[in-house]
Amino acid sequence: MAKKPNYNFEKRKKELAKKAKKEEKRLRKLPDTENPDDAESDQTDGEQESDSK
């Protein structure tokens with residue numbers, strides 16, 4: 001006898017993926033000044049280049 005599919009699990013998985021994608025898109029649309037993760041990586045890159053010269 002075949003196993004019955006768990007549709008609730010599949011639906012929840014799709015909803016979580018959709019929510020994560022939406023959040024990622026929202027963060028990409030924010031200006032660079034409001035996203036501290038990107039600003040920090042830009043500053044450290046610049047410091048490393050000036051130290052190596």
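Throughout, read-outs are computed from the coordinates displayed, never taken from laboratory work. As the structure is a computational prediction, the values presented were derived from the model and not from experiment. Note: ideal-geometry Cβ built from the backbone for every residue, glycine included; neighbour counts use all protein chains shown.
Just a few scattered comments:
- Under 21 Å from LYS29, Cα to Cα: lysines that are on another chain or at least 8 residues apart: LYS18, LYS19, LYS21
- Summing +1 for each Lys or Arg and -1 for each Asp or Glu among the other residues whose beta-carbon sits under 15 angstrom from that of TYR7 gives +4.
- ³J(HN,Hα) computed for each position of region 5-12 - Karplus, 6.51 cos²θ - 1.76 cosθ + 1.60, integer Hz, glycine/proline x: x, 9, 5, 5, 5, 5, 5, 5
- Straight-distance crosslink candidates among lysines, where the alpha carbon sits under 17 Å from LYS22 and sequence neighbours closer than 8 are dropped: LYS11, LYS13, LYS14
- With 0.36 nm allotted per residue and the present C-alpha distance subtracted, the GLU15-LYS3 stretch has 2.0 nm of extension available.
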